[in-house]
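Below: one structure, written as structure tokens.
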Amino acid sequence: MMEPRENIYIENIKLESGGEGVVILDQSLLPTETKHILIKTPEEMHEAIKYLRVRGAPAIGIFAAYCMYVRAKQAKPTDGTLPYEVFLRELRDFGTYLKGSRPTAVNLSWAVNRMLAVAEEAVDATCLSSLKREAASIHEEDMAMCKSISQHGLELLKDGDGILTHCNAGPLATSKYGTALGPILLGKERGVKFKVFADETRPLLQGARLTTYELQRAGVDVTLICDNMASAVMKAGWVQACLVGCDRIAANGDTANKIGTSGVAVLAKHYGIPFYVLGPTSTIDLSCPTGKEIPIELRSQQEIKEKFYEKPSALPEVKCYNPSFDVTDNELITAIITEHGICRPPFEVSLREAKEE
Ligand code: MRU
């Protein structure tokens, strides 16, 4: 058995010292292989997001911000021969290309747009240093937001509570504490104990591979269950709260998160268990009125039929439907916890207030 390492912080994204690339912990290889890789070219950046080497809505945003800086550095000749407008056009095109890698998590386009706004405001001579500073700010802000979300989330829980979580919304998906795992990890630091049930999260097993990895190494009591066991665990009375992350929250509170999340919410309602969504305000998209407008990424059928199996689990000709996310209706959500506090229904009002703070 892996010994708890009592280590909460996992360095998952870092700008390479010379600014020539971004170093990431390749999450697609965890938990059996811990490998950092250097990402340099636009194609590698796009692939790293698409292939989930870097994943989790806030982490994708942080990575995208550093990629924008690296790309700007590559596109800008030091002799000042490239007109600023031409450089800006290249950066915008790259931003559009990067945004196309995964459509659901709004943090990706949020971070790209924030970097573009800085480039558009800046002047030629100071553009690169402004972009570097902005990417670092996005990263630092995320750490502070995760801490704040964790504190607010912890207020909703009691020592000894059983918690069910789906997918992975911990340090790997963000920076430092994470969102949905934040209250659990902060609680651990403060001597508050929880018993966590981690859904394995088919098809890519983020719960099995990443959530249990993070909690085990932090010394948290975690039990891995298959997705179809959540009802039995809730019925047994072992779950006092569900905590999940989010990829995009519509203005009315409908929330897109990893496929299977809405099923957990339906079960939680059935058993009278509070269902909490935790995420930064950068995940709230007021331009999406409801969940119906949130684009849902469809992924390769190979993820269902072959990945993580020694032999294929289905005949090659079998038809597959593999949406990466689903939307949980706002009436199934007890509260949405952001860095500014706890938003309760009506979400149209509370989310707008949180966003404006
Ligand atoms: O496909 P993934 O692994 O990127 O999906 C991640 C999730 O659904 C997370 O819950 C969400 O991004 C929030 S991470 C703090």
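Can you name the residue in segment 84-122 that is basic (Lys, Arg) and surrounded by fewer than 21 Cβ atoms within 10 Å (Cβ to Cβ) and is also farthest from the ligand (Cβ to nearest atom) among such residues?
Arg89
Collect the residues in segment 112-122 that are under 17 Å from Val70 (Cβ atoms) and assigned to a helix (DSSP H, G or I), keeping them in residue-number order.
Once the filter is applied, which keeps residues that are under 17 Å from Val70 (Cβ atoms) and assigned to a helix (DSSP H, G or I), segment 112-122 yields Val112, Arg114, Met115, Leu116, Val118, Ala119.
So in segment 139-172, with the set limited to residues that are among the hydrophobic types (A, V, I, L, M, F, W, C) and either open to solvent by 40 Å² or more (accessible area, probe 1.4 Å) or without any contact (Cβ under 8 Å) to a residue 60 or more places away in the chain (or both), which one is nearest to Pro58 (Cα to Cα)?
Met143
Among (1) open to solvent by less than 20 Å² (accessible area, probe 1.4 Å); (2) within 12 Å of the ligand (Cβ to nearest atom), which single condition is Gly187 missing?
It is condition (2) that Gly187 fails.
Counting only residues that are more than 25 Å from Asp227 (Cα to Cα), give me the strands (runs of 3 or more DSSP E) lying completely in segment 268-357 with at least 3 of them.
Where strands (runs of 3 or more DSSP E) fall fully within segment 268-357 and carry at least 3 residues being more than 25 Å from Asp227 (Cα to Cα), they are 341-343.
Looking at (1) within 24 Å of Leu205 (Cα to Cα); (2) surrounded by 13 or more Cβ atoms within 10 Å (Cβ to Cβ), can you tell me which one Glu310 breaks?
Of (1) within 24 Å of Leu205 (Cα to Cα); (2) surrounded by 13 or more Cβ atoms within 10 Å (Cβ to Cβ), only one is false for Glu310: (2).
Test Ser282 against the criterion of being out of contact with any Ser or Thr (no Cβ under 9 Å at 6 or more places or on another chain), of a type in the set (Ser, Thr, Tyr) and away from the ligand (no atom under 14 Å from the Cβ), and give yes or no.
no
I need the full set of residues from segment 263-281 which are surrounded by 22 or more Cβ atoms within 10 Å (Cβ to Cβ) and either small (Gly, Ala, Ser) or under 13 Å from the mean Cα position of the chain (by Cα) (or both), in order please.
Ala265, Ala268, Val277, Leu278, Gly279, Pro280
Considering only residues that are β-branched (Val, Ile, Thr) and within 13 Å of the ligand (Cβ to nearest atom), look in segment 135-183 and name the one that is farthest from Asn257 (Cα to Cα).
Ile149
Here is a check on your reading of the model: is Glu47 of a type outside the set (A, V, I, L, M, F, W, C), open to solvent by 10 Å² or more (accessible area, probe 1.4 Å) and within 16 Å of the ligand (Cβ to nearest atom)?
In short, yes.
Could you grab me the full set of residues in segment 15-43 that are in contact (Cβ under 8 Å) with a residue 12 or more places away in the chain, among the acidic types (Asp, Glu) and more than 18 Å from Ala136 (Cβ to Cβ)?
Asp26
Name the residues in segment 50-83 that are farther than 19 Å from Met115 by Cα, touching a Lys or Arg at 6+ places or on another chain (Cβ under 9 Å) and either of a type in the set (Lys, Arg) or within 11 Å of the ligand (Cβ to nearest atom) (or both), would you?
Across segment 50-83, the qualifying residues are Lys50, Leu52, Arg55.
For segment 199-206, check the following and say yes or no: at least one residue is open to solvent by 30 Å² or more (accessible area, probe 1.4 Å), more than 20 Å from Leu332 (Cβ to Cβ), among the basic types (Lys, Arg) and more than 10 Å from the ligand (Cβ to nearest atom).
yes
In segment 214-225, how many residues are within 15 Å of the ligand (Cβ to nearest atom) and either at positive phi or over 16 Å from the mean Cα position of the chain (by Cα) (or both)?
1
Determine, yes or no, whether Leu108 is outside the structural domain of Cys343 (by TED's automatic domain parsing), more than 18 Å from the chain's Cα centre (by Cα) and not charged (D, E, K, R).
So Leu108 fails the test.
Identify the single condition in (1) surrounded by fewer than 17 Cβ atoms within 10 Å (Cβ to Cβ); (2) hydroxyl-bearing (Ser, Thr, Tyr); (3) in contact with a Phe, Trp or Tyr (Cβ under 9 Å, 6 or more places away or on another chain) that Ser300 does not satisfy, given that it satisfies every other one.
(3)
Name the single residue, out of those in segment 216-254 being over 27 Å from Pro323 (Cα atoms) and assigned to a helix (DSSP H, G or I), that is least open to solvent (accessible area, probe 1.4 Å).
Arg217
Let me confirm something: among Ala136, Ala125, which residue is outside any loop (DSSP other than H, G, I, E, B), more than 20 Å from Asn107 (Cβ to Cβ) and either open to solvent by 10 Å² or more (accessible area, probe 1.4 Å) or free of Cβ contacts under 8 Å to residues at least 60 places away in the same chain (or both)?
Sole residue among the options that is outside any loop (DSSP other than H, G, I, E, B), more than 20 Å from Asn107 (Cβ to Cβ) and either open to solvent by 10 Å² or more (accessible area, probe 1.4 Å) or free of Cβ contacts under 8 Å to residues at least 60 places away in the same chain (or both): Ala125.
So, Pro345, is that one more than 16 Å from the ligand (Cβ to nearest atom) and either open to solvent by 10 Å² or more (accessible area, probe 1.4 Å) or more than 20 Å from Pro203 (Cβ to Cβ) (or both) or not?
Spelling it out, Pro345 is indeed more than 16 Å from the ligand (Cβ to nearest atom) and either open to solvent by 10 Å² or more (accessible area, probe 1.4 Å) or more than 20 Å from Pro203 (Cβ to Cβ) (or both).
The values are calculated or read from the model by the stated rules, or taken from the named source; none is laboratory data. Since we're looking at a predicted model, the values are computed, not measured. No Cβ is skipped: glycine too gets one built from the backbone with ideal geometry, and neighbour counts run over all protein chains shown. Heavy atoms of the whole protein, side chains included, go into the accessibility calculation; ligands, DNA and RNA do not. Shrake-Rupley method; radii C 1.70, N 1.55, O 1.52, S 1.80 Å.
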